[in-house]
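A.B. asks: Could you have a look at this structure, given as structure tokens, before my questions?
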Amino acid sequence: RQDNIAVASQINQYESDTDRPHSKAEREQASVAIYYRSNNDWDWIIKHDVSRDPLLQDPLGLTPQQFEQDPFQENSAAITFNTRKQVDNQQSSISLRKTDGDRRWQLSLWQSDREITQYLGFAGDALTSAGGVVNLNRNVLGINATLTQDFFWFDRDWQWSMGAELTKMQDDRQGFVNNLGVAGDLRRDEKGEVINRDIYNIVQFKPTDNIKTFIGFRYSQLDFSVDD
């Protein structure tokens with residue numbers, strides 16, 4: 001930290017394995033955040049997070065009889081189809097806020113990208129199957145704004161807050177045949193979209209020293225669309 005600016009960062013690396021075959025896991029994470037307070041007491045916060053799971057093996061489950069016989073034995077389907085998952089995720093955000101005084105507010109904008117590839121424990125080659133390999137790309141974009149005002153009325157302290165949020169998520173989802181651990185023919189090609197809109201107002205006051213009262217409303221609208 002130096003004067004009115006501060007920087008925080010971290011890096012993590014994780015690896016694990018167990019006595020069950022095909023159960024390794026690896027994860028890498030990194031993040032950085034920059035904090036800045038301007039001369040008019042506005043706070044700027046910029047963040048970026050990255051998370052990567054290059055290998056998440058799936059040993060699959062056992063029947064009760066198999067577990068009683070040997071809880072650490074392998075599931076043959078996990079080896080045959082090389083069941084595993086890989087995840088890449090990153091998120092960026094920027095916030096501007098004022099937290100002091102009778103009038104406080106915050107404005108935030110964020111965006112994230114997530115990619116998942118997963119190999120399931122079956123081929124997925126039937127006519128009605130979506131495949132045994134899942135490939136998902138997800139993008140999310142959102143904005144949020146809040147405003148809070150303190151005031152004195154009828155010899156009591158009151159607080160009024162209002163806010164709004166808009167979020168849009170888009171999915172690009174594909175499925176492929178699992179050819180013994182290798183992606184084969186395309187069996188699913190789907191695009192989805194979700195849009196969320198929220199607005200709210202809330203008033204709180206204390207009619208007595210021991211009672212706090214809240215009056216408010218919230219309106220939410222969700223729109224779904226899928227192109228398969």
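A.B. asks: Would you pick out the residues in segment 68-90 that are closer than 30 Å to N137 by Cα and part of a helix (DSSP H, G or I)?
C.D. replies: Selection gives S76, A77, A78, I79, T80.
A.B. asks: Filtering segment 118-166 down to residues that are aliphatic (A, V, I, L, M) and farther than 25 Å from R218 by Cα, which residue is modelled with the lowest pLDDT?
C.D. replies: L127
A.B. asks: Tell me whether segment 124-140 contains one or more residues that are touching a strand residue (DSSP E or B) at 6+ places or on another chain (Cβ under 9 Å), open to solvent by 80 Å² or more (accessible area, probe 1.4 Å) and within 29 Å of V50 (Cβ to Cβ).
C.D. replies: There is no residue in segment 124-140 that is touching a strand residue (DSSP E or B) at 6+ places or on another chain (Cβ under 9 Å), open to solvent by 80 Å² or more (accessible area, probe 1.4 Å) and within 29 Å of V50 (Cβ to Cβ).
A.B. asks: Is it the case that segment 101-113 has a residue that's at negative phi, surrounded by fewer than 16 Cβ atoms within 10 Å (Cβ to Cβ), out of contact with any strand residue (DSSP E or B) (no Cβ under 7 Å at 6 or more places or on another chain) and outside any strand (DSSP E or B)?
C.D. replies: No, because not a single residue in segment 101-113 is at negative phi, surrounded by fewer than 16 Cβ atoms within 10 Å (Cβ to Cβ), out of contact with any strand residue (DSSP E or B) (no Cβ under 7 Å at 6 or more places or on another chain) and outside any strand (DSSP E or B).
A.B. asks: Also: Taking strands (runs of 3 or more DSSP E) that fall entirely within segment 141-228, which contain at least 3 residues that are touching a residue at least 40 places away in the same chain (Cβ under 8 Å) and either surrounded by fewer than 16 Cβ atoms within 10 Å (Cβ to Cβ) or not β-branched (V, I, T) (or both)?
C.D. replies: Working: elements: 156-178, 183-208, 211-227.
Once the strands (runs of 3 or more DSSP E) in segment 141-228 are filtered for at least 3 residues that are touching a residue at least 40 places away in the same chain (Cβ under 8 Å) and either surrounded by fewer than 16 Cβ atoms within 10 Å (Cβ to Cβ) or not β-branched (V, I, T) (or both), what remains is 156-178, 183-208.
A.B. asks: If I go through segment 1-51 residue by residue, how many of them are open to solvent by 80 Å² or more (accessible area, probe 1.4 Å), more than 30 Å from T99 (Cβ to Cβ) and assigned to a strand (DSSP E or B)?
C.D. replies: Result for segment 1-51: 4.
A.B. asks: Here's a follow-up. Among the residues of segment 14-64, write down those that are modelled with pLDDT under 95 and basic (K, R).
C.D. replies: R20, R37
A.B. asks: Return yes when Q65 is within 25 Å of A183 (Cα to Cα), open to solvent by 70 Å² or more (accessible area, probe 1.4 Å) and either out of contact with any Lys or Arg (no Cβ under 8 Å at 6 or more places or on another chain) or not in a strand (DSSP E or B) (or both) and no when it is not.
C.D. replies: no
A.B. asks: Of the conditions (1) in a strand (DSSP E or B); (2) in contact (Cβ under 8 Å) with a residue 40 or more places away in the chain, L136 satisfies every one except a single condition; which number is it?
C.D. replies: Answer for L136: the failing condition is (2).
A.B. asks: Before we move on, is Q73 open to solvent by less than 60 Å² (accessible area, probe 1.4 Å), at pLDDT below 95 and more than 30 Å from L147 (Cβ to Cβ)?
C.D. replies: yes
The values are calculated or read from the model by the stated rules, or taken from the named source; none is laboratory data. What you are looking at is a predicted structure, and each value in this text was computed from that prediction instead of being measured. Virtual Cβ from ideal backbone geometry, glycine too; neighbours counted across all protein chains shown. For accessibility, only protein heavy atoms count, side chains too; no ligands or nucleic acids. Shrake-Rupley method; radii C 1.70, N 1.55, O 1.52, S 1.80 Å.
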